[in-house]
Amino acid sequence: MEIVKYNGPITGEQIAERLDLARATIRPDLAILTMAGFLDARPRVGYFYSGKKIAQSMADGMVDMKVGDFQSIPVVVNENMSVYDAICQMFLEDVGTLFVVDDHHCLAGVLSRKDLLRSSIGGVDMDKIPVNVIMTRMPNITHCSKHDSLLQVAKKMIDNQIDALPVTEQGEKGLEVIGRITKTNITGAFVALGEEYDL
Ligand code: ADP
């Protein structure tokens, strides 16, 4: 692809020569790259690089990226944990968002860095106040399933101005938290997509 990108249009014979291979050896590779839309072939002209089709196939790749393939392990705390302990937990686990669960281990709320900062400068007794007093609570939690596309989730993050979503599954007593998807995961997926296309 690099040879075609920088030297196209170029014949199959010339590509083979540059690779020190026989034309017949690279014929299947060229056929696949042409069928997949990475290269275009014109009779008597040769192969040339099809930037537009790459963009299209990247877009297809983006739609195929699912939450389940990029999610991280969730960090959950009980709703009765003190604000002080939640702050310690956030540092220990090195995350920016904690998910809060009830005694049935079902999603009850979300705690962000600023939620905890706000309460720490608000003069409350951080040792006594439980996180369920300051968290954003259900049913106002934006969550997703592992089958959702990353693009859908990224849109929810932007629309709701949030950094993370719990990945949930319906359990008997409520929503169970099975993962965590953050802006960092989305950025990682973006980089992986670029690497897949050698960009
Ligand atoms: P920060 O507050 O540190 O900037 P966020 O932007 O993620 O972090 O959070 C902004 C607000 O939105 C916080 O009050 C937080 O509790 C809430 N929040 C965070 N994630 C969610 C979510 N998935 N669903 C609903 N509210 C959320």
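Values in this text are rule-based calculations from the coordinates and carry no lab data. For clarity, every value in this text was computed on a predicted model and none was experimentally measured. Because the Cβ atoms are built from the backbone with ideal geometry, glycine has one as well, and the counts that use them run over all protein chains shown.
Of note:
- Relative packing of peptides 119-130, 181-192 - highest average C-beta neighbours within 10 Å first: 181-192, 119-130
- Taken about its Cα centre, the stretch 2-51 carries a charge dipole of roughly 160 debye when the Cβ of each Lys and Arg holds +1 and the Cβ of each Asp and Glu holds -1.
- Comparing Leu111, Leu175, Leu21 in a Gaussian network model of the chain where C-alpha atoms under 10 Å apart are linked, the largest mean-square fluctuation is found at Leu21.
- Antiparallel DSSP beta bridges within the chain, percent to nearest 5: 85 percent
- The GNM of the chain, with springs linking C-alpha atoms under 10 angstrom apart, assigns the highest mean-square fluctuation among Asp159, Asp64, Asp102 to Asp159.
- Pairs spanning more than 26 Å between alpha-carbon atoms, out of Lys146/Lys183; Lys114/Lys183; Lys114/Lys155; Lys66/Lys183; Lys5/Lys146; Lys5/Lys183: Lys5/Lys146; Lys5/Lys183.
- Look at where the Cα atoms of the stretch 136-176 and of the stretch 38-93 average out, and the two centres are 16 Å apart.
- Maximal additional length on extending the Asn132-His147 stretch stands at 2.5 nm, based on 0.36 nm per residue less the C-alpha distance.
- Placing +1 on each Lys and Arg Cβ and -1 on each Asp and Glu Cβ, with no other charges, gives the chain a dipole about its Cα centre of roughly 800 debye.
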